[in-house]
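Reviewing the structure listed below.
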Amino acid sequence: MAGNSQRRNRRTANKKGATVGSGGKRRRALEGKGPTPPAEMRKGHAKQRVANARVKQAARRPAPRRGGKGTNELVVGRNPVVEALREGVPASTLYVQQFIDSDDRVREALKLAADRGGIHLMEAPRPELDRMTNGLNHQGLVLQVPPYEYAHPEDLVAAAADEGQDPLIVALDGVTDPRNLGAVVRSVSAFGGHGVVVPERRAAGMTAGAWKTSAGTAARTPVARATNLTRALEAYKKAGLMVVGLDADGDTEVQNAEVLEGPVVIVAGSEGKGLSRLVAETCDVLVRIPMPGGAESLNAGVATGVVLYEAVRHRM
């Protein structure tokens, strides 16, 4: 009898079905689980794998590297200050001499600074302005230009990739006149280029003079600064860009340079010395601009504009 009772208890214990104290788990199991999640959120789905790959790729992409900052600069004198404000040169502070004899230029400078906004107006005694400018003839007006934020050479290639375009970059070798730099920046902007590279030493930087010559285009065309121009050009070559140098003795005339059709960095030297030896040796090809008029050379601003035009023409 005892054995039969134990067998019945075992069969009852193994019996499937709801038991007392289940808490309604079986009832909840019958409830719906809500709308089907999108494919990108479903584990194992092909679209989820693609989405995960994109996230990883974005995470691997390096953050933009900056090329450092320039130094503060002072624009001194009534006419230079007014011209700088007219041309949109970045400025942080306008210093005005106490008890200044106001004229049209002073009034215009004050109005331009006030209209732009973000420029502090500071009144200072003449001895203080003399000290700031090292005794230059400031005429009671001094404009402080903040340090320029340079890009890194790699940023220019990344910007072209973001736009789905072949990079079109200009590098300057030994160009020391800020007005030439400003003219090059203006040409690069006009022809849809992606920026300008300058060496960190013994080269023009983005001063107020460069800003003025660029006619405001420096606000939208980045200028990168390279610690070593030759190494920067070699890095561009590894990234797939052709390095085209401008040389009066180049083997190819610029209108026949088919290399301008693809990703390219155009290198221009100074008007007197041209390209340095190391930079010239780094170039993939040297091109010349034919000058039937007999001029020996063109300045960097003019020469760069000619080659940029040819690059755009080849790409059309």
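Just wondering, is there one or more residues in region 91-107 that are in contact (Cβ under 8 Å) with a residue 24 or more places away in the chain and under 24 Å from the mean Cα position of the chain (by Cα)?
Yes.
Tell me the residue from Ala210, Ala248, Ala219, Ala215 that is within 18 Å of Ala84 (Cα to Cα), among the aliphatic types (A, V, I, L, M), modelled with pLDDT under 95 and open to solvent by 50 Å² or more (accessible area, probe 1.4 Å), please.
Ala219
Going residue by residue through region 168-182, is there one that turns out to be within 16 Å of the chain's Cα centre (by Cα), open to solvent by 30 Å² or more (accessible area, probe 1.4 Å), under 29 Å from Arg202 (Cβ atoms) and small (Gly, Ala, Ser)?
no
I'd like to check something: does region 299-313 contain any residue that is surrounded by 15 or more Cβ atoms within 10 Å (Cβ to Cβ), more than 26 Å from the chain's Cα centre (by Cα) and touching a residue at least 12 places away in the same chain (Cβ under 8 Å)?
No, that holds for no residue.
Report whether or not Val145 is within 14 Å of Val198 (Cα to Cα) and over 19 Å from the mean Cα position of the chain (by Cα). Break it down stepwise before answering.
Values: within 14 Å of Val198 (Cα to Cα): no; over 19 Å from the mean Cα position of the chain (by Cα): yes.
The answer is no for Val145.
Test each condition in (1) more than 30 Å from Arg202 (Cβ to Cβ); (2) loosely packed, with under 11 Cβ neighbours inside 10 Å; (3) modelled with pLDDT under 90 for Pro38 and report the one that comes out false.
All conditions are met except number (2).
If I filter region 145-171 down to residues being of a type in the set (A, V, I, L, M, F, W, C) and in contact with a Gly (Cβ under 8 Å, 6 or more places away or on another chain), which single residue comes out as nearest to Val75 (Cα to Cα)?
Ala151
Which condition does Ala208 not pass, out of (1) under 19 Å from Asp173 (Cα atoms); (2) in contact with a helix residue (DSSP H, G or I) (Cβ under 9 Å, 6 or more places away or on another chain), if it passes all the others?
In the conditions (1) under 19 Å from Asp173 (Cα atoms); (2) in contact with a helix residue (DSSP H, G or I) (Cβ under 9 Å, 6 or more places away or on another chain), Ala208 misses (1) alone.
Return the total of residues in region 80-112 being closer than 20 Å to Pro125 by Cα, surrounded by fewer than 16 Cβ atoms within 10 Å (Cβ to Cβ) and not hydrophobic (A, V, I, L, M, F, W, C).
Going through region 80-112 one residue at a time, the tally reaches 6.
The values are calculated or read from the model by the stated rules, or taken from the named source; none is laboratory data. Fair warning: this is a prediction, and the values are worked out from it, not measured in the lab. Backbone-built Cβ (ideal geometry, glycine too); neighbour counts: all protein chains shown. Only protein heavy atoms, including side chains, enter the accessible area calculation; ligands, DNA and RNA are left aside. Shrake-Rupley method; radii C 1.70, N 1.55, O 1.52, S 1.80 Å.
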